[in-house]
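Chemist: Before I ask anything, let me first share the structure, which is written out below as structure tokens.
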Amino acid sequence: MANDVEPGCHARFRARRGARDARLMAVYRALREHFGHAAWWPGESPLEVAVGAVLTQNTSWKNVERAIATLKRAGLLSLPALEAISESALARHLQSAGTFRVKARRLKNLVAWISRECGGDFEALARRPFAEVRASLLAVNGVGDETADAILLYAASFPTFVVDAYTRRVFARLGFLSSSATYAEAKRLFERALPLDRALFNDYHAQIVRLGQHYCRRNPKCGACPLGPSTMGRVKCFDKNDL
Ligand code: SF4
């Protein structure tokens, strides 16, 4: 029976959880100190952010930048223009983003959703219940957890944590997540440990991306990493041979 659990067990569990939460904040502070505050996500408008979140699926940000520049030159980075253009014509503008036919279809699906749900007014979207908006966005074909959370955080300013491949790699190596953790488990780790703060989630994700790009790569540069044991003391990564 749950009530038979000794109070001491609860206290130990709370203490362990408190220590883990503090370590997550310590990781953030070390990254921010090293990289500085990140003005993220790159994009001049919430619509551009949402478009970028779809285009970045399975490709580098450089390719996304090229595709967005092409859309801008063609006068297509507005809701009416994206609604009006056919899927096949849109695909021709997305060639630099890779899998451009798939992305054109996904983008058209997202544009239809934005039109229907808020008419391009992302501030109005942000006033609706988060769970309802997230569920509705996840029902859009081609929008998965990561894309949805990136749009909801960076375009609509909801406090929702974005988990990407860098997050999984870094926090598995740091010992916070198992290598088989699901998206929901990884997201829960951060959202339970940190204050539900949009600006913090925004910057923390950006810091993780920088760490993943510059240090915690497939072949990590642990010697120079701002989270190396010499910097973080108690926060230690697994031995390189375990990675
Ligand atoms: S010390 Fe190495 S494994 Fe740990 S976060 Fe840094 S680069 Fe990644």
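The values are calculated or read from the model by the stated rules, or taken from the named source; none is laboratory data. A quick note: this is a predicted structure, and the numbers were derived from the prediction, not measured. All Cβ positions, even for glycine, are placed from backbone atoms using ideal geometry, and neighbour counts span all protein chains on display.
Chemist: Could you tell me how many of the residues in the range 21-38 are basic (K, R) and exposed (fewer than 15 other Cβ atoms within 10 Å of the Cβ)?
Modeler: Of the residues in the range 21-38, 1 are basic (K, R) and exposed (fewer than 15 other Cβ atoms within 10 Å of the Cβ).
Chemist: Pairs please, first residue from the range 40-59 and free of Cβ contacts under 8 Å to residues at least 12 places away in the same chain, second anywhere and of a type outside the set (A, V, I, L, M, F, W, C), Cβ atoms under 7 Å, 6+ apart in sequence or on different chains.
Modeler: Here the result reads none, with nothing in the range 40-59 linked to a residue that is of a type outside the set (A, V, I, L, M, F, W, C).
Chemist: Among residues belonging to the range 155-188 that are within 15 Å of the ligand (Cβ to nearest atom) and free of Cβ contacts under 8 Å to residues at least 12 places away in the same chain, point out the one that is nearest to M25 (Cα to Cα).
Modeler: Per the criteria, the residue is A172.
Chemist: Select from the range 230-243 the residues that are near the ligand (Cβ under 9 Å from one of its atoms) and assigned to a loop (DSSP other than H, G, I, E, B) and write down the one among them that is modelled with the lowest pLDDT.
Modeler: L243
Chemist: For the range 39-61, give me each residue that is surrounded by fewer than 19 Cβ atoms within 10 Å (Cβ to Cβ) and either aromatic (F, W, Y) or over 17 Å from the mean Cα position of the chain (by Cα) (or both).
Modeler: Matches in the range 39-61: W40, E44, S45, W61.
Chemist: Using beta carbons and a limit of 7 Å, which pairs, at least six apart or on different chains, have the first residue in the range 203-219 and near the ligand (Cβ under 9 Å from one of its atoms) and the second one basic (K, R)?
Modeler: From residues that are near the ligand (Cβ under 9 Å from one of its atoms), the pairs are G212/R169; Y215/K221; C216/R169; C216/R173.
Chemist: Name, by its number, the condition in (1) within 15 Å of the ligand (Cβ to nearest atom); (2) surrounded by 21 or more Cβ atoms within 10 Å (Cβ to Cβ); (3) closer than 23 Å to T59 by Cα that does not hold for L227.
Modeler: In the conditions (1) within 15 Å of the ligand (Cβ to nearest atom); (2) surrounded by 21 or more Cβ atoms within 10 Å (Cβ to Cβ); (3) closer than 23 Å to T59 by Cα, L227 misses (3) alone.
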